[in-house]
Amino acid sequence: MESDGVSDAALADLGAGFDGALILPEDPGYDDARTVFNAAIDRRPAVIAQCAGPPDIARAIRFGREHGLEIAVRGGGHSVAGMAITEGGIVIDLRRMNSVSVDPAARTARAGGGTTMGDFDRATQPYALACTGGRVSTTGLAGLTLGGGSGWLERTFGLTCDNLLSVTLVTADGSTLRAAEDENPELFWALHGGGGNFGVVTEFTFRLHPVSTITFALLLWEPAAGFDVGRAYRDFMATAPDEVGGGFLFCTAPPEDFVPESLVGHLACGVLLTYVGGEEAAREVFRPMLELGHACAEMAELPYADFQCALDDPPGFRNYWSAEYLDAVPDEVLKRFCERADQMITPSPSQLYLLPQGGAVSRGRADYPVPWRTASWVVHPYGMWSDATDDERGRRWVQETRAELRPWSTGAVYLNFIGHEGQERVVAGFGRANYERLAAVKRQYDPENVFHLNHNVRPQ
Ligand code: FAD
């Protein structure tokens, strides 16, 4: 049946020899297939092309271009701005391309362009190997890696993109290319933070590291303790070994056995400590924080892949987030940070994070287009709520939190942590000189800006 101005004959032509599946508005699976993580995004593409391999992708790109349809590329669908979905266009949906193969001897893994972090971690865990990934299991490996990739292991092993060995992608003209240090090196450079601007990634190869278990401790306090806890955490992280990750946060206390009833459902302040290694060593390293005298705590050593899905954010909520990157957290910043927590929508899955960087993140290659990597701290207001009537309040909280801490910001920002905030912020995300260099790569591989549903590098 005709779909939004695209004729039956054209759709039949696209479908002939298409190995994956085409989903149209009248199909029963359409609403599921167009749903992304952020429930505030409600767009209706003309066609969702669930691709099975590079030939399907090349066909879908050609079809979109020939019919003047906007092209969206979907990995895990986690972009807060809904960049994986288009109104009236075609979605190149990669979720079927999620296979992961591990070479334990070489300590490498190959992963399809639609792999989620959970797919990846579950495949590498049996070999006691891992790579830095996002903090939840449902995020797409592609969007995460192409933007940089930040997670609990980053202070030990660097950003996800620091561990990239090669990338295969289908470009705007339908060609399949491989990029690595020794093949299309400028394109390979651009794929270390430049996002989905250059083509549709069908496969990544990553370097893996020996990781079997991770030990975590989640400590919670009444929110009034926030400033003192934040200071202690800041000072603790100043000398913490690279194996320590985590963050200082405000959240709604969850209904877990270890949380006292008086705290459940209310604003709480917390410290999450992670350690790449066993519980005995972790206890020793965490000691200054464990001895602070928390309201409640949970600590355990878990297989890395299990820990990675332990903190999965729930789907179906309306999302709005932003971030500022700081070189230092003076007391004044901490004070303002804690005050902002009071304005957060509670109860809700919203969180206000202060995340440490440093370690291997700051030692990574300085020329990649991720200039935020040298900052020591990240302020990440992460708004999630269920009711559309809270949209204005939730967004205002995020924007005002950002504005409050802006005077201390380095100005660089990890674009995966923000939505659409204007072209100036995109340039700030890459750095001006990197932006110009990325634009030259864009002119070579996507001169007509076919791939523009992203933090866009404009070819002109
Ligand atoms: P999508 O929305 O599918 O895609 C995002 C962008 O990447 C789009 O522009 C899309 O076109 C492009 N893209 C996707 N797949 C491909 C592909 N195969 N080829 C080319 N382009 C592609 N980020 C972190 O770094 N660390 C975290 O800990 C973290 N936690 C998160 C937790 C949650 C609950 C959520 C929702 C997001 C989190 N993020 C985190 C942010 C996340 O990295 C970005 O939203 C990222 O863009 C998601 O990638 P995706 O493939 O899931 O998203």
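Applying the selection to segment 136-180, what residues are assigned to a strand (DSSP E or B) and more than 11 Å from the ligand (Cβ to nearest atom)? Before the answer, list the steps.
Kept after step one, since they are assigned to a strand (DSSP E or B), are these residues of segment 136-180: 140, 164-170, 176-180.
Across segment 136-180, the qualifying residues are L164, L165, S166, T176, L177, R178, A179, A180.
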When you scan segment 28-46, do you find a residue that is farther than 24 Å from V80 by Cβ, within 16 Å of the ligand (Cβ to nearest atom) and modelled with pLDDT of 95 or more, even just one? no
Would you check if D32 is buried (at least 23 other Cβ atoms within 10 Å of the Cβ), out of contact with any helix residue (DSSP H, G or I) (no Cβ under 9 Å at 6 or more places or on another chain), more than 18 Å from G88 (Cβ to Cβ) and among the acidic types (D, E)? no
Would you list the strands (runs of 3 or more DSSP E) that sit entirely within segment 1-104 and hold 2 or more residues that are within 30 Å of R135 (Cβ to Cβ) and not aromatic (F, W, Y)? 47-50, 71-74, 90-93, 100-103
Here is a list: G77, G15, G20, G53. Which entry is over 30 Å from M384 (Cβ atoms), within 13 Å of the ligand (Cβ to nearest atom), of a type outside the set (D, E, K, R) and not assigned by TED's automatic domain parsing to the domain that holds G140? G53
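In segment 387-423, how many are in contact with a helix residue (DSSP H, G or I) (Cβ under 8 Å, 6 or more places away or on another chain) and within 16 Å of the ligand (Cβ to nearest atom)?
Of the residues in segment 387-423, the ones in contact with a helix residue (DSSP H, G or I) (Cβ under 8 Å, 6 or more places away or on another chain) are 397, 400-401, 404-405, 408, 410-416, 418.
Remaining after also requiring within 16 Å of the ligand (Cβ to nearest atom): 412-416, 418.
Looking only at that region, the number is 6.
Would you call G64 buried (at least 18 other Cβ atoms within 10 Å of the Cβ) and more than 30 Å from D313 (Cβ to Cβ)? Show your work before the answer.
On the way: buried (at least 18 other Cβ atoms within 10 Å of the Cβ): yes; more than 30 Å from D313 (Cβ to Cβ): yes.
It is true that G64 is buried (at least 18 other Cβ atoms within 10 Å of the Cβ) and more than 30 Å from D313 (Cβ to Cβ).
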So, in segment 105-135, exactly how many residues are assigned to a helix (DSSP H, G or I) and more than 10 Å from the ligand (Cβ to nearest atom)? 10
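Of the residues that sit in segment 308-340 and are more than 16 Å from the ligand (Cβ to nearest atom) and not in a helix (DSSP H, G or I), which one is surrounded by the most Cβ atoms within 10 Å (Cβ to Cβ)?
V329
Using the structure shown, decide if T274 is modelled with pLDDT of 95 or more, of a type in the set (V, I, T) and more than 16 Å from the ligand (Cβ to nearest atom). Quick ask: steps written out before the conclusion?
Details: modelled with pLDDT of 95 or more: yes; of a type in the set (V, I, T): yes; more than 16 Å from the ligand (Cβ to nearest atom): no.
Taking the combined requirement at face value, the residue does not satisfy it.
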Scanning segment 27-42 residue by residue, the ones that are farther than 17 Å from G76 by Cβ and either of a type in the set (S, T, N, Q) or out of contact with any strand residue (DSSP E or B) (no Cβ under 8 Å at 6 or more places or on another chain) (or both) total 4
Which members of segment 261-307 meet the condition of being free of Cβ contacts under 8 Å to residues at least 40 places away in the same chain and either under 13 Å from W221 (Cβ atoms) or not in a helix (DSSP H, G or I) (or both)? E261, S262, V264, E291, G293
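Applying the selection to segment 56-74, what residues are in contact with a helix residue (DSSP H, G or I) (Cβ under 7 Å, 6 or more places away or on another chain) and away from the ligand (no atom under 12 Å from the Cβ)?
At the first step, the residues of segment 56-74 found to be in contact with a helix residue (DSSP H, G or I) (Cβ under 7 Å, 6 or more places away or on another chain) are 59, 63, 67, 71, 73.
If the condition is that a residue be in contact with a helix residue (DSSP H, G or I) (Cβ under 7 Å, 6 or more places away or on another chain) and away from the ligand (no atom under 12 Å from the Cβ), then R59, F63, H67 are the ones that fit.
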Mind checking which residues of segment 92-128 are aromatic (F, W, Y) and surrounded by fewer than 19 Cβ atoms within 10 Å (Cβ to Cβ)? Y127
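The values are calculated or read from the model by the stated rules, or taken from the named source; none is laboratory data. Note that the structure is predicted; figures quoted are calculated from it, not measured. Virtual Cβ from ideal backbone geometry, glycine too; neighbours counted across all protein chains shown.
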